[in-house]
Amino acid sequence: MAGRSLPVSPHRPPDTPIHRKILSSDSNSKSNSNSNLKHFRLRFDIVFNSSITRKNHKVWRIKSELKSEPYEISKSTTPGSFKFKDNKLGVSAVSKDETGNEAVDINAVPWWEEFPKRWTIVILCFSAFLLCNMDRVNMSIAILPMSSEFHWNSTTVGLIQSSFFWGYLLTQIAGGIWADTVGGKRVLAFGVIWWSVATVLTPIAAKLGLPFLLIVRAFMGIGEGVAMPAMNNLLSKWVPVSERSRSLALVYSGMYLGSVTGLAFSPFLIHSYGWPSVFFSFGSLGTVWTALWLSKAYSSPSEDPELRPEEKKLIFRNRVSEEPVKTIPWGSILSKAPVWALITCHFCHNWGTFILLTWMPTYYNQVLGFNLTESGLFCVLPWLTMAFSANLGGWIADTLVSKGWSVTTVRKVMQSVGFLGPAFFLSQLSHVDSPAMAVFCMACSQGSDAFSQSGLYSNHQDIAPRYSGVLLGLSNTAGVLAGVLGTAATGYILQHGSWDEVFDVAIGLYLVGTVIWNLFSTGEKIID
């Protein structure tokens, strides 16, 4: 019918075969409500191109296109109230009943239903990691008034700080196996509930005595230990390769912003309500997140009944098998050089990262002479820098991959920045002569460190997508071991040495990691 001119009365619709078909179908649906006709498909697109006037009639040039679209008739359907599934006219369209009143709004789709579901999962993971680091770093601020109240020395403080990693170390591999076999949704929900309860119990345990505090902190580590493998499992199923670096960078920036939030609000809460208030207030937020997560999240796209077909097609393109993991090929995993490069470099990276995470407020207080509030506020700057540079690095990495760079080259470049940047800026701390320059070096060190999210932290899904949870559990076990040893060793070094020696050890490990990563890492899939 394209291009055909039809005479149209200005007072009634054209009596065309198409119009008669619509009326006939509608009336038949009413008169034959008990018939077997339940569905028919019809869609029309109309574009008015021009009109002219001939004598007393208007002539409209009508371009029409007939295509099939689902349309359903129920027993309750009234004349004129039928609804097309998809409105392609680009305007708000309504049908009319016999009296001319509106019956159904065809174009009533809320904007939030159009938001990509995969990015809903990413944002929820981001908020979980925001809470994760809020609950983790509050101790680094609260430890200052706590150590004064309970008369703890540097070695005891180091022991308390490292006790978190005892539980964190135990659940890395177990969390990865659990996430790969039963799904990341349940595992992440368990982790958030567990660590939130442990956070609330921390002040009570501290009042009871040091052994109770160490146990509760270890329990908190158990909850947070399963979070990262569960998140990695979820993103490996929900996020296509072309968006991998950006999604991981956003989730990990939640950790950095969690550190910012925790370090910024902890001094205020301590001064206003005492140090226990930090643990009570932060821990209670986990219940809100858990309720939202259980109602919105699914372990994989195939389990989500509300996922739009076009998004499902995008996610499933070039993705891993949907078959659940039943056995872990340990021999194949542990026999690959890139796996061991990932494990070793995770250890080298986390030594420096966890030292700064747990000891930075003490450094600002003891070396730079900042008080409690100033220590918390200046600690915010490096984490803000990390949040920005992590997302910048993710965008750069995905852009380079889309432009044809090999994934291996991108991972090596990004991780080299993540190693050499912190090594350089930490080496300058012994030469600066002002607190402002020290804070600047810390911020630059942490900012360049965040490029690791597009390096080694993205590599688990590259080399073993089906076993990304288990692989992250393996490598992060080494990373947590670095946190346990590094945090405790820092307390020992400070009691017998200086901060320069603390930073020298971290710099040496950064350099070792750079060499190993560039020699043995790969961005290609090596385990099916």
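Taking 24 Å as the cut-off for C-alpha to C-alpha distance, list the pairs among LYS336/LYS412; LYS296/LYS403; LYS117/LYS336 that go past it. Violating the 24 Å limit, Cα to Cα: LYS296/LYS403; LYS117/LYS336. Once the Kirkwood radius over Cα pairs is known for segment 443-486, the Stokes-Einstein relation at 10 °C and 1.306 mPa s delivers a diffusion coefficient of 138 µm²/s. Among the trypsin sites (Lys or Arg not before Pro) in segment 394-454, those placed in a DSSP loop whose Cβ has at most 16 other Cβ atoms within 10 Å are LYS403.
Just how many % of Cα pairs in segment 155-305 lie over 26 Å apart, if you round to the nearest whole percent? When all Cα pairs of segment 155-305 are counted, 30 percent exceed 26 Å.
When you count the other C-beta atoms within 10 angstrom of each residue and take the mean per peptide, 262-268, 311-317 line up highest first as 262-268, 311-317. Take the Cα of ILE193, step 7 Å toward its Cβ, do the same at GLU303, and the gap between the two points is 1.4 nm.
Once the Cβ-Cβ distance between TYR273 and GLN366 is put in as r, and R0 is 22 Å, what FRET efficiency do you end up with, to the nearest 0.05?
For R0 = 22 Å, the calculated efficiency reads 0.30.
Our Cα-only numbers for segment 257-302 put the radius of gyration and Dmax at 14.9, 49 Å. Here r is the Cβ-Cβ distance between THR156 and LYS313 and R0 is 56 Å; the resulting FRET efficiency, rounded to 0.05, is 0.50. Per residue, the accessible area of segment 131-271 comes to 30 Å² when a 1.4 Å probe rolls over the protein heavy atoms.
For the peptides 447-455, 390-398, 211-219, 344-352, the ranking by packing is 447-455, 344-352, 390-398, 211-219, with the highest mean count of neighbouring Cβ atoms within 10 Å listed first. Of the peptides 436-445, 139-148, 156-165, the ranking by mean beta-carbon count within 10 Å, highest at the top, reads 156-165, 139-148, 436-445.
The values are calculated or read from the model by the stated rules, or taken from the named source; none is laboratory data. This one's a predicted model, so the numbers in the text were calculated from it and none came from an experiment. Please note: Cβ atoms are built from the backbone with ideal geometry, for glycine as well, and neighbour counts cover all protein chains shown. All accessible areas refer to the heavy atoms of the entire protein, side chains included, with ligands and DNA or RNA removed. Shrake-Rupley method; radii C 1.70, N 1.55, O 1.52, S 1.80 Å.
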